[in-house]
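The block underneath contains the structure these notes are about, expressed in structure tokens.
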Amino acid sequence: MTEAQQRQAQHYLTQAKRVVVFTGAGISAESGVPTFRGQDATWKGMPAAIASSIGLLEQDLTTAWEWFDYRRTRLKAAAPNAAHIAIAQAEKHFAEFLVVTQNVDGLHQKAGSTRVVELHGNLWRGRGLRTGKQYDLPDAPLPTLPPRGEGDEPLRPDVVLFGEMLPAGAFETAEIAATRCDVCLVIGTSGVVYPAALIPFAARDAGAAVIEVNPEATDLTPHVTLSLRGQAGDIVPRLLAAVSGA
Ligand code: OAD
């Protein structure tokens with residue numbers, strides 16, 4: 001990020017009343033959470049995309065849970081980084097502010113963000129297979145798999161699996177905020193997974209300034225107003241400091 005780019009981004013943010021922050025795995029990279037692309041992750045010889053699929057869950061709920069509980073256990077020690085914290089502190093400075101995340105790690109909430117739409121669910125919750133009722137599952141590893149809810153109902157991870165739709169209402173809420181915002185900050189996403197990746201386009205098409213923060217160029221880069229190269233933990237606090245007057 002050049003100084004001129006930093007000033008330009010800060011200008012957009014200090015003028016803004018409504019902000020959407022759209023995040024992907026890259027915002028949690030500096031918290032030690034692995035990103036998805038650029039690696040061929042496997043678990044017990046299974047590609048991660050198969051382990052995280054609705055097909056495996058329907059076939060073998062316990063094995064599907066073993067994979068998610070492995071991820072949960074690895075995630076347990078992860079703490080929000082400077083980017084999550086700066087975003088959480090920024091929300092009170094805007095009339096409207098919404099974090100729209102593709103991440104399932106819960107780190108935005110852990111940092112203190114209160115207005116978060118989770119497009120892909122949350123690893124720290126389970127959902128009743130019959131009732132759809134959501135349960136907080138803070139333990140990792142879980143004592144028994146699959147975990148069970150009221151009436152001994154088996155639970156599934158409350159995350160969006162490959163081959164599934166997004167949770168009802170989540171995308172719609174995000175899209176409405178995107179079409180109303182003045183600035184959309186796009187942080188740490190490759191922008192290749194849809195419909196999530198439509199959010200920056202909805203903001204741009206409605207006239208918002210779209211500011212990307214990523215160490216690399218992405219599919220979204222040609223479509224944004226400003227693309228800032230660098231790590232989220234470095235750039236995001238510098239941009240948002242202008243808003244909080246820090
Ligand atoms: P990806 O793994 O596709 O992309 C991560 C992005 O973060 C890349 O563009 C990296 O360059 C960038 N990045 C890496 N380190 C960074 C840092 N320190 N600061 C800022 N950016 C950094 O992850 P997503 O775009 O989130 O879906 O992937 C989208 C979806 O694909 C996920 O939500 C998941 C996956 O399939 C589901 O689980 C349904």
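A quick yes/no check of all residues on (1) of a type in the set (Ser, Thr, Tyr); (2) within 18 Å of the chain's Cα centre (by Cα); (3) at negative phi:
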position	(1), (2), (3)
Asn122	no, yes, yes
Gly128	no, no, yes
Glu150	no, no, yes
Pro167	no, yes, yes
Thr173	yes, yes, yes
Arg180	no, no, yes
Arg204	no, no, yes
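Would you point out the residue of the range 162-173, among those that are away from the ligand (no atom under 13 Å from the Cβ) and in a helix (DSSP H, G or I), that is surrounded by the fewest Cβ atoms within 10 Å (Cβ to Cβ)?
Glu172
Restricting the search to the range 132-163, which residues are within 13 Å of Ala64 (Cβ to Cβ) and at pLDDT below 95?
Phe162, Gly163
Considering only the range 45-57, I want to know if a residue exists there that is in a loop (DSSP other than H, G, I, E, B), more than 23 Å from the chain's Cα centre (by Cα) and either surrounded by fewer than 17 Cβ atoms within 10 Å (Cβ to Cβ) or at negative phi (or both).
Looking for residues that are in a loop (DSSP other than H, G, I, E, B), more than 23 Å from the chain's Cα centre (by Cα) and either surrounded by fewer than 17 Cβ atoms within 10 Å (Cβ to Cβ) or at negative phi (or both), one finds at least one in the range 45-57, hence yes.
On the given criteria, is Leu13 in the same structural domain as Phe97 (by TED's automatic domain parsing) and either modelled with pLDDT of 95 or more or part of a helix (DSSP H, G or I) (or both)?
Considered against the rule, which asks whether it is in the same structural domain as Phe97 (by TED's automatic domain parsing) and either modelled with pLDDT of 95 or more or part of a helix (DSSP H, G or I) (or both), Leu13 comes out as yes.
For a quick check of your reading of the model, give me the residue pairs whose first member lies in the range 22-51 and is free of Cβ contacts under 8 Å to residues at least 40 places away in the same chain, whose second is of a type in the set (Ser, Thr, Tyr), with beta-carbon atoms closer than 7 Å and at least 6 apart or on different chains.
Qualifying pairs under 7 Å: Trp43/Tyr70; Ala48/Thr42.
For the range 188-203, give me each residue that is near the ligand (Cβ under 6 Å from one of its atoms) and either among the aromatic types (Phe, Trp, Tyr) or buried (at least 22 other Cβ atoms within 10 Å of the Cβ) (or both).
Selection gives Gly188, Thr189.
Checking the condition of a type in the set (D, E, K, R) and exposed (fewer than 14 other Cβ atoms within 10 Å of the Cβ), which residue from Asp219, Asp182, Asp234 passes?
Exactly one residue qualifies, and that residue is Asp219.
Could you check the range 204-237 and list, in sequence order, the residues that are in a helix (DSSP H, G or I) and within 13 Å of the ligand (Cβ to nearest atom)?
Result: Thr221, Ala232, Gly233, Asp234, Ile235, Val236, Pro237.
Return a yes/no flag: does the range 143-153 have any residue that is touching a residue at least 24 places away in the same chain (Cβ under 8 Å), more than 16 Å from the ligand (Cβ to nearest atom) and hydrophobic (A, V, I, L, M, F, W, C).
There is at least one residue in the range 143-153 that is touching a residue at least 24 places away in the same chain (Cβ under 8 Å), more than 16 Å from the ligand (Cβ to nearest atom) and hydrophobic (A, V, I, L, M, F, W, C).
What residue, of Ala9, Ala88, is without any contact (Cβ under 8 Å) to a residue 40 or more places away in the chain and either in contact with a Phe, Trp or Tyr (Cβ under 8 Å, 6 or more places away or on another chain) or more than 12 Å from the ligand (Cβ to nearest atom) (or both)?
One residue alone meets the criteria, Ala88.
Search the range 110-120 for residues being within 16 Å of the ligand (Cβ to nearest atom) and not in a strand (DSSP E or B), and hand back the single one that is farthest from the chain's Cα centre (by Cα).
My answer is Ala111.
Out of the residues in the range 164-194 that are of a type in the set (Ser, Thr, Tyr) and in contact with a Phe, Trp or Tyr (Cβ under 9 Å, 6 or more places away or on another chain), which is farthest from Arg127 (Cα to Cα)?
Residue satisfying both the conditions and the ranking: Ser190.
If a residue has to be assigned to a loop (DSSP other than H, G, I, E, B) and among the aromatic types (Phe, Trp, Tyr) to count, how many in the range 77-97 make the cut?
1
The values are calculated or read from the model by the stated rules, or taken from the named source; none is laboratory data. All figures in this text were calculated on a predicted structure; none of them were measured in a lab. Backbone-built Cβ (ideal geometry, glycine too); neighbour counts: all protein chains shown.
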